[in-house]
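First comes the structure, then the notes that go with it.
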Amino acid sequence: MITKILTITTLTLLLLTGCDKKEEAPQEKQTKTVEKKQEQTSNVINLKTTTNKVIKLTALDNGISFDDYKGKVVLLDFFATWCPPCIAEIPHLVEIQNTFSEHVQIIGVLMEESKSNEEIENFKQTKKMNFPVTNSKENFILSDALGGIKSLPTMVMYDKNGEYFTHYVGAAPQEMIEADIQKAIAK
């Protein structure tokens, strides 16, 4: 009985908290930081999806302009395939994308460097993901531009004008996200 309670408690805590990003060796960090600084010469970031589509983001004073999703609420989902809370959230995000498809666009931002587009496409099919997933070094530039994503999953919501609306660190209840989406649509 105690073992069962401990197992349930552990699983609950795992799902309600986020995963820390895996740390890199100091030399790898230093090299990547130099590369990122060289690439950040403008306020435009081009994210590349697993299907090689480019999603152009332009930094604004209080948010991001999403060229392909003007007039829509955009939810950036920073996740990893090894993160249990990230995986647990996917069915909720799929349902949200289905329910609000006219007004909302979810974009998965993969925070892993060692995954091929083919691996992520297989992951998307297995999880029935109905929104684009970006898989490029620009994902990390975006993370840095937003202050650095420290925990996964992290979601950042922008209203239909591209202005920052809210964010979630760790697994967030679907009802909370939907309520915020409705407020962002009405804004």
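Coordinate-derived values only; no laboratory data. None of the values given here were measured: they were computed from a predicted structure. Note that we place each Cβ from the backbone using ideal geometry, even for glycine, and neighbour counts take in every protein chain shown.
The residue pairs whose first member lies in the range 98-124 and is surrounded by fewer than 16 Cβ atoms within 10 Å (Cβ to Cβ), whose second member is in a loop (DSSP other than H, G, I, E, B) and of a type in the set (K, R), and whose beta carbons are closer than 9 Å, counting only pairs six or more residues apart or on different chains, are E102/K72; H103/K72; H103/K160; E113/K137. Restricted to the range 44-97, and to residues there that are of a type in the set (A, V, I, L, M, F, W, C), surrounded by 15 or more Cβ atoms within 10 Å (Cβ to Cβ) and part of a loop (DSSP other than H, G, I, E, B), the residue that is farthest from the chain's Cα centre (by Cα) is C83.
Would you check if there is a residue in the range 68-87 being more than 20 Å from A186 (Cβ to Cβ), of a type in the set (F, W, Y) and touching a strand residue (DSSP E or B) at 6+ places or on another chain (Cβ under 7 Å)? Looking for residues that are more than 20 Å from A186 (Cβ to Cβ), of a type in the set (F, W, Y) and touching a strand residue (DSSP E or B) at 6+ places or on another chain (Cβ under 7 Å), one finds at least one in the range 68-87, hence yes. If the condition is being under 19 Å from S65 (Cα atoms) and either in contact (Cβ under 8 Å) with a residue 40 or more places away in the chain or crowded, with 20+ Cβ neighbours inside 10 Å (or both), then the range 147-170 contributes M155, V156, M157, Y158, D159, K160, N161, G162, E163, Y164, F165.
Within the range 50-73, residues that are aliphatic (A, V, I, L, M) sit with their Cβ atoms under 7 Å from residues that are part of a loop (DSSP other than H, G, I, E, B) and surrounded by fewer than 16 Cβ atoms within 10 Å (Cβ to Cβ), at 6+ positions apart or across chains, in these pairs: A59/N43; V73/H103.
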